[in-house]
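Structure first, commentary second.
Nothing in this text is a laboratory measurement; each read-out follows from the coordinates by a stated rule. Given the structure is predicted, the values throughout are model-derived calculations rather than measurements. Please note: Cβ atoms are built from the backbone with ideal geometry, for glycine as well, and neighbour counts cover all protein chains shown.
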Amino acid sequence: MSEKLSANEAMKTQSDGLRGTLKESIDLDNHTGSVRPDDEFLVKFHGMYVQDDRDRRAERAAKKLDNLYSFMIRLRIPGGVISAEQWIATHEISEQFGTGTLKITTRQTVQLHGLLKHQIRPTIQAFNTVKLDSIAACGDVNRNVIASSHPQISPLHKKIHDYADKISTLLLPKTQSYYEVFIDGEKIYERSSEADPLYEDRYLPRKFKIAIAIPPSNDVDVFTNDIGLIAIIENNQLKGFNIAIGGGLARTHGNPNTYSRLGSIIGFTDTEEKTLKAVYEILTVQRDFGNRVDRKLSRLKYTVDKLTVEGYKKELESRIGFELEAAKPFSFSERSDRFGWEKNHQGNWFYTLFVEHGVVKPYQKQFLIEVAELKISNFIFTGNQNLILGEIADSDKPKVEELLKRHDVEKQVSALRKNSMACVALPTCPLALAEGQRYLPELVTKIEPILQKYKLTNDEISIRMTGCPNGCGRPYVSELGFVGTGPEQYNFMLGGDRYGERLNKLYKEKLTETQILEEVDFLFSQYVNDKNKNETFGDFAFRKYVN
C-alpha cells in the first residue's frame, strides 16, 4: 500500500491552477486579516507569505483580538538587476504600502513586509506597471534564479548573467492565476493554454533554488542550491557550465533524518541548449522521484541521496538524450562583495553599498532614491544582501560621489560586519525560535573589541545567524555560524571554509550571549597564536576543533 501524500499535495492538485479561493479570501473575508488555511499555502506560489507580529500576540490575545496579520511580498528578479525607473517605483510602493522598509534578500531580490490584505492587489498592480512581479518567488516551484553580481569579475559577466533570466523564464509556471487574481480580475475560461508539462498539476515536492557562479567568485554560495551552475571560462571564452545538484541547508532540530548538504558536481555542458535542457530535466526528475509524503524530506538533496548521485545522473541523461561531459577544473578565491568603486572592462563604474543584513536604512533609502532620479545607473542586488549601483559613466561618477558625501553613506565598519548575514526571524517569521537580523548587529558590536584585541579587525571572517535551523541566512557555510534554538540561545557552528565549499559543524549547543563571547575570545586567541601561514579562521577552526 502506498504511503499517504502530505496534505499540501492535495492543495496543489485541487487548487485550479493555484487559484484556490484566493479571490474570496481577499474580497469577502473581512473578519480576518489573513486568508483561508489552504490559501495561506497557495499564496506562496504568488510570491507572498502570511505573517503576524509575534511581539504583539500576547497583548492582542489578552484583548481577545485576532493576531495582527500582514503579508510579505517578494519580487522575482532573476540575477538581481533592475532599472532606475524600477527602483523609483519600488521606493514609492514601499512608502505607500507596508512598513516602508525595503529588505534585500539573500537571493538577490527585495521583500516588502507589513502589507495589509486590502493592500495586496494595489501593490502587485503597481509593480506590474514597471514590469516587476512576484510570480514563483516562493512556493513549490523554482524560485528567484541568482547569479554572481559584480560585472568586474569577468568581461563575460553579462553573457553568463543573462542565463539567470533565461532559466527563470524557462521554469515559470504556465498558470495565469497570478494575473487573474491580482492584476485584472478577469476569469480566464480557456484553460488549455495553461497546460504545464513541467509542473503538471502537482508542481514540485518542495521549493527549488538555482544559482550561477562565475569563478573566482562564489558570492552566490553555489553549492547550497538545488542546482548550481559554475561558469567555465578559458581564454576569455565561455566554454559552458559545470552542473552541481543536491545542495540545501535546511534542517529540523531533533530530527536526525534532516541534514545540510552541499551540491555534487555531476558533469559539464558545453552549449546553451544542453545547459537549459539539463536544468529543465533535473526538475522533472525531482518532480517524479521527490518525496511527497514528508515535506521535511522533500528537497532535491534527499532525492539525490535516495537515488545516489550516479543514479540521479543516469535518470537525467536518459531524459536529456545525451551524456554529460566530465567536469572542468575551476577555483574560487573570493565570496565577499567588492565594496566601494570598481571599474569594469568597458570603463563603466560600479559602486557597492554595504546594507547590513539587507535592511535599507532611511539615510540609505534617501541616497538611493536621489541616485535613481538621476537615471544614470542600474541597481544590482547581491547574494550577500548588499546593493551595487552599476553602469555609471565616467562623467556621472562625480554626481554619485557628491550624494555619497551629502548623505554620509560611507561608514567605516569592520570586515566581520561586512561579512555578516542574518535572516529576518522575529517578529514576523512564524518559524523563528530566536532573533536574527535584529540581534546580529548587536552581537557583532560586542565581538568587535575582541577582534581589535587580537588585531583581526580586517580579517574577512564570515559570520551568519538564523532564528531557526532552516538556514535562510546560510549559517552552515560560514566560519562563525549561529542557529537559534530558543529565546536568546544559539547552536554555535564552526569550521566552514571562507569560500563556501565546506559545511561547518556543531561546536557547542544552546549558548547564551555571554557564552558565545567567551568562546569567540578563546577561539580568536588560539587562532592568532597557532594558525599556519595564510590559514583562514575557518580552516584553522576546522583543523583544530571540529574535524
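Quick rundown of the values:
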item: Index of the failed condition, residue 76 passing every other in (1) surrounded by fewer than 18 Cβ atoms within 10 Å (Cβ to Cβ); (2) within 30 Å of residue 350 (Cα to Cα); result: (1)
item: Scope the range 444-481; condition within 26 Å of the chain's Cα centre (by Cα), polar (S, T, N, Q) and more than 14 Å from residue 498 (Cβ to Cβ); matching residues; result: 445, 466, 470
item: Cβ pairs under 7 Å, 6+ apart, first in the range 395-408 and outside any loop (DSSP other than H, G, I, E, B), second surrounded by 17 or more Cβ atoms within 10 Å (Cβ to Cβ) and not aliphatic (A, V, I, L, M); result: 397/349; 400/351; 403/367
item: Residue that is farthest from the chain's Cα centre (by Cα) [pool: residues in the range 409-420 that are among the basic types (Lys, Arg) and in a helix (DSSP H, G or I)]; result: 417
item: Residue 322 being out of contact with any Phe, Trp or Tyr (no Cβ under 9 Å at 6 or more places or on another chain), more than 12 Å from residue 205 (Cβ to Cβ) and of a type in the set (Phe, Trp, Tyr); result: yes
item: Strands (runs of 3 or more DSSP E) completely within the range 1-104 that count 2 or more residues being among the aromatic types (Phe, Trp, Tyr); result: 69-74
item: Where residue 297 falls short, out of the listed (1) closer than 21 Å to residue 261 by Cβ; (2) touching a Gly at 6+ places or on another chain (Cβ under 7 Å); result: (2)
item: Residues (over 20 Å from residue 389 (Cβ atoms) and within 16 Å of the chain's Cα centre (by Cα)) located in the range 85-105; result: none
item: Residue list for the range 517-543, filter: touching a helix residue (DSSP H, G or I) at 6+ places or on another chain (Cβ under 7 Å) and touching a residue at least 40 places away in the same chain (Cβ under 8 Å); result: 517, 520, 521, 524, 527, 537, 541
item: Selection count where residues are exposed (fewer than 15 other Cβ atoms within 10 Å of the Cβ) and under 29 Å from the mean Cα position of the chain (by Cα), scope the range 17-39; result: 1
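To keep it simple, each residue is scored yes or no on (1) surrounded by 18 or more Cβ atoms within 10 Å (Cβ to Cβ); (2) in contact with a Ser or Thr (Cβ under 6 Å, 6 or more places away or on another chain).
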| site | (1), (2) |
| --- | --- |
| 406 | no, no |
| 412 | no, no |
| 479 | yes, yes |
| 482 | yes, no |
| 504 | yes, no |
